[in-house]
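Take a look at the structure below.
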Amino acid sequence: MKSSSSSRKGALKVKAPKFYKIGPDPRIAGEPGWRIQNLNALLMGRPVLCPPIGQRGFDVFPDTPLLVIAPSSGRPPYDLEQCHDYWLVSDALKNILERVDAAGVAFVRCEVWIEDGGRGPSYWLCDILRLLDAIDEANSHVTVKFVPNRIYSLLGGASLTFKADVVNSSHIWRTRYMEDLVFCDDRMREACKEADLAGIRFRDVSKL
C-alpha cells in the first residue's frame, strides 16, 4: 500500500501569488509631447488634479479634459503616464484594467486632438479606487515614519509582504499609509505583458 506522502506526489501545487508595484516607467527618456489644454478649468482652484478630500475618484469636472498631443514638442503619451495625482491611460490599458478588476478603477474620458491635425487616439484619466490595509508589517522590511501621521517609506529599499486574506481577490489597489503608490498581483501584470503595453513598470514588492 502506498504511503499518503507518496500518493500526494502527483498533486498539483498551488502557486503562491506574486505582487508588484505598478506605475509609469520613470526610466523613459524624452520630453513628453502632450498636455491637458484646459487644465485651469479642471483644477477648480486646486493646485493639482486630485480626488476630492478624503476619498478616491473624480469630482464632476466643469468640462471634458482636453488632451493635446504635440509631436513637435516631444514624444506622444504611452499607455500609462502620470497626470498629477491621476493616471493617463490608453484605451488598451483601460480595457485591461476593466476586464481584470473593474471594481478597483474609475475613468474620465478625454477629448484628444493632435496639434495642427485631427483627432487623436482615445485616452482616459484613471484613478485606482481600492484602499487596503494589506501590508504584513511583521514579515516586511519597510520604514515607518510619523510626519505627523503614520506613513510607510520605501527610501533606502524595502521588502513588502501582503496579507493574502486582505488582498483576497483584488488585482489592483492602494495600501494604507502609502496611498500614493499602486500595487497589483501577477494576474494584472500578465494581462498587461500579454498586450505588449508601453510605459508601464512592474517592480517585485519583495525587492523594492
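Every number here is computed from the coordinates shown, using simple stated rules; none is lab data. Computed from a predicted model, the values in this text were never measured in an experiment. We place every Cβ from the backbone using ideal geometry, glycine too, and count neighbours over all the protein chains shown.
Where the Cα atoms of region 56-141 are projected onto their three principal axes, how long is each span, largest first, in whole Å?
Largest first, region 56-141 extends 56, 29, 23 Å along its Cα principal axes.
Excluding residues fewer than 8 places away in the same chain, name every one of the aspartates and glutamates whose C-alpha is closer than 14 Å to that of Lys21.
Correct list for Lys21: Glu179, Asp180, Asp185, Asp186, Glu190, Asp204.
Counting Lys +1, Arg +1, Asp -1, Glu -1, what net charge surrounds Leu125 among other residues with beta carbon under 12 Å of its beta carbon? Walk me through the numbers before you get to the answer.
Working: positive: Lys94, Arg109; negative: Asp59, Glu81, Asp85, Glu111, Asp127.
Every neighbour counted, the sum reads -3.
On a 0 to 90 degree scale, rounded to 10, what angle separates helix 91-101 from the longest Cα axis of the chain?
The answer is roughly 30 degrees.
Could you calculate the contour length gain from Gln55 to Arg187, that is, 0.36 nm times the residue separation minus the distance between their Cα atoms, to one decimal place in nm?
44.9 nm
Set the Förster radius R0 to 30 Å, insert the Cβ-Cβ distance between Ala198 and Ser140 as r into 1/(1 + (r/R0)^6), and round the FRET efficiency to 0.05.
Details: r = 31 Å, r/R0 = 1.03.
About 0.45, to the nearest 0.05.
I need the phi-derived Karplus couplings for region 57-62: 6.51 cos²θ - 1.76 cosθ + 1.60, θ = phi - 60°, integer Hz, Gly and Pro marked x.
So the Karplus estimates, Gly and Pro as x, are x, 10, 6, 7, 6, x Hz.
Identify which of Val147, Val68, Val166 has the largest mean-square fluctuation in a Gaussian network model of the chain, with springs joining Cα atoms closer than 10 Å.
In this elastic network of the chain, the residue with the biggest mean-square fluctuation among Val147, Val68, Val166 is Val147.
Counting DSSP beta bridges in region 19-207, what percent are antiparallel, to the nearest 5?
Here the antiparallel bridges make up roughly 85 percent for region 19-207.
If amide hydrogens are placed 1.01 Å from N in the peptide plane, which non-local residues have theirs closer than 5 Å to the one on Leu129?
Counting only residues 5 or more places away or on other chains, the set is Val105, Ala106.
For Pro71, what is the net charge nearby, where nearby means another residue's Cβ is under 13 Å from its Cβ and Lys, Arg count +1, Asp, Glu -1?
For residues surrounding Pro71, the net value is -1.
Counting only helical runs of four or more DSSP H residues, what would the 222 nm mean residue ellipticity of the chain come to if each run contributes -39,500 (n - 2.57) and the total is spread over all its residues? Numbers along the way, then the final one.
On the way: 5 runs with 33 residues, N = 208.
My calculation for the chain gives -4000 deg cm²/dmol from helical runs alone.
Based on the alpha-carbon set only, what is the convex hull volume of region 19-207 divided per residue, in Å³?
About 133 Å³ per residue, rounded to a whole number.
Whole angstrom only: what separates the Cα centroid of region 37-95 from the Cα centroid of region 145-193?
Between the Cα centre of region 37-95 and that of region 145-193, the gap is 23 Å.
Please turn the phi angles of region 189-205 into ³J(HN,Hα) values with the Karplus equation 6.51 cos²θ - 1.76 cosθ + 1.60 (θ = phi - 60°), one per residue in order, whole Hz, x for glycine and proline.
Karplus-based 3J(HN,Hα) across region 189-205 equals 4, 5, 5, 5, 5, 4, 7, 6, 6, 10, x, 10, 10, 10, 10, 4, 5 Hz.
Given DSSP loops and a limit of at most 10 other Cβ atoms within 10 Å, what is the longest stretch of the chain that contains no such trypsin sites (Lys or Arg not before Pro)?
Between exposed loop sites, the widest span is 28-208.
Could you pull out the pairs from Lys163/Lys207; Lys145/Lys193; Lys15/Lys207 whose alpha carbons sit more than 28 Å apart here?
Lys145/Lys193
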